[in-house]
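Structure first, commentary second.
Derivation of every value follows stated rules applied to the coordinates shown; laboratory data play no part. Nothing here was measured: the structure is a model prediction, and the numbers come from that model. Backbone-built Cβ (ideal geometry, glycine too); neighbour counts: all protein chains shown.
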Amino acid sequence: MSKKGIQWLYQELPELIRKGILSQQNADNLRQYYGSIEGKGGRWLALIIFGIFGALLIGLGIILLIGHNWEDLSRQMRTILSILPLLAGQLLVGWTIFQGKRSIALREGSATFLTFMIGASIALVGQTYHIPGNTAGFLLTWMLLTIPLVYLLGVTIPAIIYMIGITSWACYTQNDALHSIFFWPLAMLVVPHFVQIFKKDEYAIRFTMFAWVISLCLCVTGGITLGKVWPGSWVVIYTSLFAILYLVGNFWFAETQAIWKRPFHVVGAIGIFITSFILTYKWPWKDMGWYYYRYGKGTFGFTAIADCFITLMLLVVAIALLVSCVRRKLISKITFGIVPVIAVLGYSISRAGANAIFPTILFNIYLLAAGIITMITGLKEKSLGIVNVGMLMLTILIVARFFDSSQGFVTRGLAFIILGTGFLVTNIMLIRHKGGAK
């Protein structure tokens, strides 16, 4: 049974005992059989970490031994030494499969070891025979040879390495639109594994690590693989992407209060705020999308169609999730989820040739409203964290506008004093209120 299932069972035991469905002895037997949730998770995590670090150390040691007097070896000997680590990794993975893949630490460790040995062997053979190529080609070959391990052993660390690898590949090929757009179908190759570990336990350490990596990789690739057809479409792309992450994190990962276990929610919220804050200035709207850098060269045919399709799909999915929020009357979620709609409106005004002041004012109003609504939500829920987030949003916006205006030092000073006082008074009131400190 998964950790989440065991936790649910332990929560239900007192009620089952009270209703006479289970005796106290049976409940104690169940607790003894499944063991401590904390202890079990900690033990598994320690085993996985030690297994991975062990694989990394062994791999690095082998590479250093091979590198000793490398230039003095014959080509045949270099080839043998280049392939030996790969064979060792394959034998270790084969032995893991033969053992029945019972140990998570052994699976993750052996798969991680083989993943690095694949990359080392490719590099060493290429260097030995002077095979022409570049970093992008090396990364793509390495990652494609790694992905079968994810499903052969059901491991997550190689999947994480794969996501980082194809993200790096996309960075190297970003000026070649015909290549970089393939990041998206390549990323889809790990989706089945993502769904699989999500069904087991969406709050397990493996899933959380993978979710953080996916969130951050999407933040990087959203701008370097898309936005090369419509000048300035990065506004729609990033607001849609961050809204999707935020709403997905709130719909399916809202059962825990631990921030580190909610990567989609955190990355989405921070991304929405930063993007919206940038759009409160005039300069992004005046030079929308760096036209000559992003548009024209290398963008044609299939690439342009794929770019437009993915951009529209991001917008459609974001709006669909927003509609779901509206139907459920989730005001606090709508506040952040509506940002793609505002971005499309601002983008349309900007592209229509209107003055940049109009979309700038639009996003200033939006960010001001978002801060106020967030603060009010925190006050209703008596949550210090949410209140402080809302006040921090307002403070950053107001401070930015003051430094962006011609207001005098006295006016600015009084405004900062009022904001600081508001912070202190609100926090003190909530702390003194019963249940206020969350």
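Strictly over 23 Å apart at the Cα level, which of 282/329; 333/380; 200/380 would you flag in this model? Beyond 23 Å between Cα atoms: 282/329; 200/380. Listed peptides 141-151, 325-335 appear in the order 141-151, 325-335 once ranked by packing, highest mean of other Cβ atoms within 10 Å at the front. Placing pseudo-labels 7 Å out from each Cα toward the beta carbon at residue 9 and residue 399 gives an inter-label distance of 5.0 nm. Just to verify a number: FRET efficiency for residue 365 and residue 312, C-beta to C-beta distance, R0 = 30 Å, to 0.05? That pair, residue 365 with residue 312, gives E of 0.70.
Here the label points at residue 327 and residue 123, each 7 Å from Cα along the C-beta direction, are separated by 5.1 nm in the simple model. Residue by residue, region 235-242 carries 3J(HN,Hα) couplings of 4, 6, 4, 6, 5, 5, 4, 5 Hz when phi is fed to the Karplus relation 6.51 cos²θ - 1.76 cosθ + 1.60 (θ = phi - 60°); x denotes Gly or Pro.
Sorting the segments 195-202, 237-244, 308-315, 360-367 by their mean number of nearby beta carbons within 10 angstrom, highest to lowest, gives 237-244, 360-367, 308-315, 195-202.
Using the average count of surrounding beta-carbon atoms within 10 Å as a protection proxy, the listed peptides 156-165, 270-279 rank, highest first, as 156-165, 270-279. Computed from the C-beta positions of residue 29 and residue 302, the FRET efficiency with R₀ = 60 Å rounds to 0.45. Summarising the label geometry, the points placed 7 Å from Cα in the beta-carbon direction at residue 97 and residue 381 lie 4.7 nm from one another. What is the calculated FRET efficiency for residue 357 to residue 188, with r their C-beta to C-beta distance and R₀ = 41 Å, to the nearest 0.05? It comes out at approximately 0.50.
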